[in-house]
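Notes follow the structure.
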Amino acid sequence: MKLPPALAASATPRILELLGPPPGRVLELGFAGIHAEPLRLAGFDVVVVEPDPAYLGHATERAGEALATVPETPFDAVVALEGADLHGVDATRTLLVARDGSVTERR
């Protein structure tokens, strides 16, 4: 289940706070590019993955480029919806956005 865009976007300031200062390579997984531009403006290298074909077009519009599958490269952090399938994601840190828009970190 997707979060409404406004609720997902409300998590961006907390995501930036938890990430700390750039640089860093961040995987945005399953948010259709909602967090990509603010993270890029903050100085992060962001890769957007939207596995849901219904949202891949939105992700491409928002982020400029979006992938349907997770690349087999390491990331400093992944931002994903709580409960997302993170199998195959190589990330040092995991930031999970809950259904209420709150964000927690799992290492």
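The values are calculated or read from the model by the stated rules, or taken from the named source; none is laboratory data. Values in this document were obtained by computation on a predicted structure and should not be read as measured data. All Cβ positions, even for glycine, are placed from backbone atoms using ideal geometry, and neighbour counts span all protein chains on display. Quick note on the areas: whole protein, heavy atoms, side chains included, nothing else; ligands and nucleic acids left out. Shrake-Rupley method; radii C 1.70, N 1.55, O 1.52, S 1.80 Å.
Every residue, every condition in (1) over 20 Å from THR94 (Cβ atoms); (2) in contact with a Lys or Arg (Cβ under 7 Å, 6 or more places away or on another chain); (3) of a type in the set (Phe, Trp, Tyr), yes or no:
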| site | (1), (2), (3) |
| --- | --- |
| HIS35 | no, no, no |
| PRO38 | no, no, no |
| VAL46 | no, yes, no |
| PRO51 | no, no, no |
| GLU65 | yes, no, no |
| THR73 | no, no, no |
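So that you can scan it fast, the table gives a plain yes or no per residue for (1) surrounded by fewer than 17 Cβ atoms within 10 Å (Cβ to Cβ); (2) at pLDDT below 95:
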site	(1), (2)
PRO5	yes, yes
PRO13	yes, no
VAL26	no, no
PHE31	no, no
PRO53	yes, no
ALA68	yes, no
HIS87	yes, yes
GLU105	yes, no
**Complete:** Selection from the range 15-24 of residues aliphatic (A, V, I, L, M) and either open to solvent by 40 Å² or more (accessible area, probe 1.4 Å) or without any contact (Cβ under 8 Å) to a residue 24 or more places away in the chain (or both) yields LEU16
**Asked** In the range 41-51, what count of residues is obtained for those that are buried (at least 16 other Cβ atoms within 10 Å of the Cβ) and among the charged types (D, E, K, R)?
**Response** 1
**Request:** Could you tell me whether GLU82 is open to solvent by 80 Å² or more (accessible area, probe 1.4 Å) and within 14 Å of the chain's Cα centre (by Cα)?
**Result:** yes
